[in-house]
Amino acid sequence: MIPAGSLGREVGSPPMSTATSVVFIVDDDVSVRESLELLIQSEGWKPEAFASAQEFLDRPRSQVPSCLVLDLSLPGLNGLELQRRVASERMNMPIIFITGHGDVPKSVQAMKAGAVEFLTKPFNDEALLSAVRQALEQSRLALVHDSELQELRQRYDSLTPRERQVMTLVVSGLLNKQVGGELGISEITVKAHRGQVMHKMHADSLAALVKIAAKLRGSGTAAGKIRQTD
C-alpha cells in the first residue's frame, strides 16, 4: 500500500538546510519504498531504502544526522526486533514506525522502546515529514553531544595521573593548600598541576572545569570515572 498523497507531491520543493541528512527506509513493499524515496527527496534529504532488516544492518553506519522509517511487519527480522538492535548499536538514530495493521499493543511497545512516531498506512505526507524533521533534529543533537564528549575524553586522557588527581580534588571544592595536603605535595606544585589541567581541559575558570568533570562523570565511561584514587 502506498502512503496517501506521496506520489502527488511536487519533487521540486526547495531543499532544507539538512541536505546531508539521511533517511533510511526499511519496508518489504517496493511501491512504499519508491513512494517514500520520492517524498524524502522532495524535502532535500537523502533517502536510502532496503527491503529487509538484514539489508539495512549490512550497510555501514552513518555519521550524519539520520533516522529510520521502519515497517513493523518484515520477513525475517521484524520491526520490533530491528528496533532493539538499533537501540543498542546505533543510539543516535531515532525510529519512525509505519504499519498497515494498526496493531495497538505493538505500537505501544514500540513507543515505550523509544520510537519517535507510529503511523498507520495510508498516512498523511505531512505527518511523516513532521516526524522525520523531529527525528533528524534529535539525531543531530545526539551527534553533537557525542562529539563533544569524545573531545572531552581525549582532553582528559592527555592528563597525567597526578593531574587527574589534582583535577578530582579541585572540582570537589578543595583549596590548593588542602589538595597539597591530600597528595603530600607543596602548594606551588599543586598550582603548577592545576594550571596544566586548566590548559589541557580548555577550562577558563573553576566553574567551567566543574562542568566538564560533571559531563565526564555522566558519560559513564572510563574517562568519566574521575575519582580520588586515580
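Every read-out reported here was derived from the displayed coordinates using simple, explicitly stated rules and does not represent laboratory data. Computed from a prediction, not measured in an experiment: that's the story for all the values here. Reconstructed Cβ throughout: ideal geometry from the backbone, glycine too, with neighbour counts over all protein chains shown.
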Directionally averaged shadow of region 158-224, computed from the convex hull of its alpha-carbon atoms, nm²: 4.1
Fewest-first sequence of 146, 125, 157 by Cβ atoms within 10 Å of each Cβ: 157, 146, 125
Eligible aspartates and glutamates near residue 215 by straight Cα distance, threshold 13 Å, same-chain separation 8 or greater: 146, 148, 151
Under 18 Å from residue 177, Cα to Cα: aspartates and glutamates that are on another chain or at least 8 residues apart: 163, 187
Dipole in debye (nearest 20) - region 36-108, about Cα centre, beta carbon charges: Lys, Arg +1; Asp, Glu -1: 240
